[in-house]
Amino acid sequence: MDWARDHSDWPLADRSRTIDVKPHKWHVQEMGEGPTALLLHGAGGSTHSWAGLLPVLSRNYHAVAVDLPGQGFTRAGTKLRLGLPKMSMDLNALLDDQGWQPELIIGHSAGGALALHLAESLDHPARVIGINAALEPFEGPAAWLFPMMAKMLAINPFTSVAFTAGGSAMARARGLIRTTGSNIPDESLRCYARLFSDRGHVDSTLQMMAQWDVDKFAARIKRVETPILLIAGSNDLTVSPDVSRRTAEAMINATFVELEGLGHLAHEEDPDLVAQTILDWL
């Protein structure tokens with residue numbers, strides 16, 4: 001995405017700024033004062049997905065939403081650091097540079113795994129909230145088909161071109177979002193249409209998918225003592241609510257809440273309900 005071209009009508013654009021911390025040029029959105037709450041979107045998303053939640057959290061927190069490397073408006077300095085451990089390290093560098101010490105880290109989908117991984121590495125305690133968090137490796141044939149497919153797509157220079165070409169951008173986005181079990185507002189859908197039409201964003205998302213591996217991390221999750229709230233939408237067609245339920249049961253200090261009728265993008269479908277669920281837990 002190009003900031004000069006695309007930012008004028010982007011959600012909460014007036015709260016945006018860019019930060020150069022090697023190897024990336026980060027795009028962040030900030031609101032409010034107080035202890036820092038860090039928000040991490042899932043693969044293929046951007047800060048726009050937090051547009052409904054950020055203002056609510058900013059009443060009590062210095063709320064910071066970050067575009068992950070190569071996605072949204074963050075420029076990735078290298079495509080070799082888009083997996084879980086290295087992305088966590090680079091986020092830590094950003095936190096250190098800005099003097100941010102988040103007391104709360106909220107992650108959606110793959111961002112949920114990233115949030116928990118990041119919290120483990122901090123030298124201060126932080127609570128974690130996962131929204132439809134992708135905390136388990138794929139099972140069955142998908143255990144090898146998905147990573148292999150992603151790697152094949154990521155190394156093919158024509159993949160992002162093919163993905164972003166042809167047809168209506170809105171129709172393409174609507175079809176993809178429908179597969180998540182969510183029904184989101186048109187404003188959010190238009191953002192995804194623009195993201196899915198951007199070759200750099202799609203390419204970085206595919207690279208992230210190709211490098212993503214939660215197997216080792218998932219194996220040690222049950223030993224993590226970090227307080228965590230796992231929120232799952234009952235209609236999530238991307239990450240089954242059972243993933244969050246099983247994880248919460250296995251962890252030492254976890255709470256599980258299922259939100260009836262919401263899909264994978266629960267925080268975009270009903271940000272008020274998700275915000276109230278978070279505040280009730282805090």
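Reported count of residues in the range 74-125, each being among the hydrophobic types (A, V, I, L, M, F, W, C), under 17 Å from V21 (Cβ atoms) and in contact with a Ser or Thr (Cβ under 7 Å, 6 or more places away or on another chain), is 5. Kindly indicate whether A51 is under 21 Å from R5 (Cβ atoms), among the small types (G, A, S) and either out of contact with any Cys (no Cβ under 9 Å at 6 or more places or on another chain) or at pLDDT 95 or above (or both). Answer is yes for this residue. Going by the structure shown, is L237 assigned to a helix (DSSP H, G or I) and either surrounded by fewer than 17 Cβ atoms within 10 Å (Cβ to Cβ) or polar (S, T, N, Q) (or both)? The answer is no for L237. Determine, yes or no, whether D9 is without any contact (Cβ under 8 Å) to a residue 24 or more places away in the chain and over 22 Å from V202 (Cα atoms). So D9 fails the test. Number of residues in the range 116-132 that are part of a loop (DSSP other than H, G, I, E, B) and more than 20 Å from A275 (Cα to Cα): the value is 4.
Quick one: is A110 over 22 Å from G263 (Cα atoms) and either among the small types (G, A, S) or in contact (Cβ under 8 Å) with a residue 60 or more places away in the chain (or both)? No.
Provide a single number: the residues in the range 13-45 that are acidic (D, E) and part of a strand (DSSP E or B). Spell out the reasoning first.
At the first step, the residues of the range 13-45 found to be acidic (D, E) are 14, 20, 30, 33.
When the remaining residues are screened for being part of a strand (DSSP E or B), the result is 20, 30.
Residues that pass the stated criteria total 2.
Quick grid of which residues meet (1) assigned to a helix (DSSP H, G or I); (2) in contact with a Pro (Cβ under 8 Å, 6 or more places away or on another chain); (3) touching a residue at least 60 places away in the same chain (Cβ under 8 Å); (4) not aliphatic (A, V, I, L, M):
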residue: Q71; (1), (2), (3), (4): no, no, yes, yes
residue: T78; (1), (2), (3), (4): no, yes, no, yes
residue: L82; (1), (2), (3), (4): no, yes, yes, no
residue: S88; (1), (2), (3), (4): yes, no, no, yes
residue: A93; (1), (2), (3), (4): yes, no, yes, no
residue: L114; (1), (2), (3), (4): yes, no, yes, no
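As for the range 271-278, it holds at least one residue that is within 24 Å of N60 (Cβ to Cβ), free of Cβ contacts under 8 Å to residues at least 12 places away in the same chain and in a helix (DSSP H, G or I). Selection over the range 73-97 of residues that are of a type outside the set (A, V, I, L, M, F, W, C), over 14 Å from L114 (Cα atoms) and crowded, with 18+ Cβ neighbours inside 10 Å gives a count of 2.
Out of H27, H41, H48, one residue alone is surrounded by 19 or more Cβ atoms within 10 Å (Cβ to Cβ), within 30 Å of L135 (Cα to Cα) and free of Cβ contacts under 8 Å to residues at least 60 places away in the same chain. It is H27.
The values are calculated or read from the model by the stated rules, or taken from the named source; none is laboratory data. This one's a predicted model, so the numbers in the text were calculated from it and none came from an experiment. FYI the Cβ positions are ideal-geometry reconstructions off the backbone, even for glycines, and counts take in every protein chain you see.
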